[in-house]
1. Do you know which residues across the stretch 79-117 are closer than 24 Å to A29 by Cα and in contact with a Leu (Cβ under 9 Å, 6 or more places away or on another chain)?
2. If you scan the stretch 54-79, which residues turn out to be within 17 Å of S114 (Cβ to Cβ) and among the hydroxyl-bearing types (S, T, Y)?
3. Can you pull out the residues in the stretch 106-132 that are hydrophobic (A, V, I, L, M, F, W, C), modelled with pLDDT of 90 or more and farther than 15 Å from I3 by Cα?
4. Taking the stretch 45-99 as the region of interest, how many residues are at pLDDT below 95, outside any helix (DSSP H, G or I) and either aliphatic (A, V, I, L, M) or surrounded by 19 or more Cβ atoms within 10 Å (Cβ to Cβ) (or both)?
5. Considering the stretch 62-100 alone, what residues qualify as being in contact (Cβ under 8 Å) with a residue 40 or more places away in the chain, of a type outside the set (V, I, T) and under 17 Å from G7 (Cβ atoms)?
6. Can you tell me how many residues in the stretch 19-39 are free of Cβ contacts under 8 Å to residues at least 24 places away in the same chain and surrounded by 11 or more Cβ atoms within 10 Å (Cβ to Cβ)?
7. Find the residue count for the stretch 101-123, including only residues that are surrounded by fewer than 18 Cβ atoms within 10 Å (Cβ to Cβ), in contact (Cβ under 8 Å) with a residue 12 or more places away in the chain and in a helix (DSSP H, G or I).
8. Identify, by number, the condition in (1) at pLDDT 95 or above; (2) buried (at least 16 other Cβ atoms within 10 Å of the Cβ); (3) part of a helix (DSSP H, G or I); (4) not hydroxyl-bearing (S, T, Y) that E42 doesn't meet.
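The values are calculated or read from the model by the stated rules, or taken from the named source; none is laboratory data. Note that the coordinates shown come from a computational prediction; the quantities given were computed from them, not determined experimentally. Positions of Cβ are generated from backbone atoms using ideal geometry, with glycine treated the same way; all protein chains shown enter the neighbour counts.
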Amino acid sequence: MLIKPDGVERRLIGKVIERVEDAGFRIVAMHMEHLTRKKAEELYAPHRGKDFFEGLVEFMISGPVVGLILEKENAIEDLRRLVGKTDPARADVGTIRHDFGMSIRKNVVHASDSPENASREIKIFFEEKWTE
């Protein structure tokens, strides 16, 4: 999971972490950094070529992000439910994106959508800071 630049700028890190922990997740690792363009492009590589790709990369390098490695039974499914739909206006009440998100891009968090993407994203974001 990443807390995006808008979440960091709006001082929502603690609120997001509290919700994650209250939902039974264990934080295995956490790291804050200002993404390079290269790293942001790697993270969102599955979206390369889509019309929103460049704007998303620009947004993700606009300020620091906080990456978290989370652990829990059914972690990906449960986290996706906790964060809600990408568009805060369509996300369920009580989800992170509904409660804190401002737009499709400024929706506070990124959550991996599959075990394969989670593994790929952890390797990109945490590099040698984390080994499986």
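1. L79, T95, I96, F100, V108, V109, H110, A111, S112
2. none
3. Once the filter is applied, which keeps residues that are hydrophobic (A, V, I, L, M, F, W, C), modelled with pLDDT of 90 or more and farther than 15 Å from I3 by Cα, the stretch 106-132 yields only I124.
4. Total meeting the criteria: 0.
5. S62, G63, P64, G67, L68, L70, L79, L82, F100
6. Total satisfying the criteria: 2.
7. 3
8. (1)
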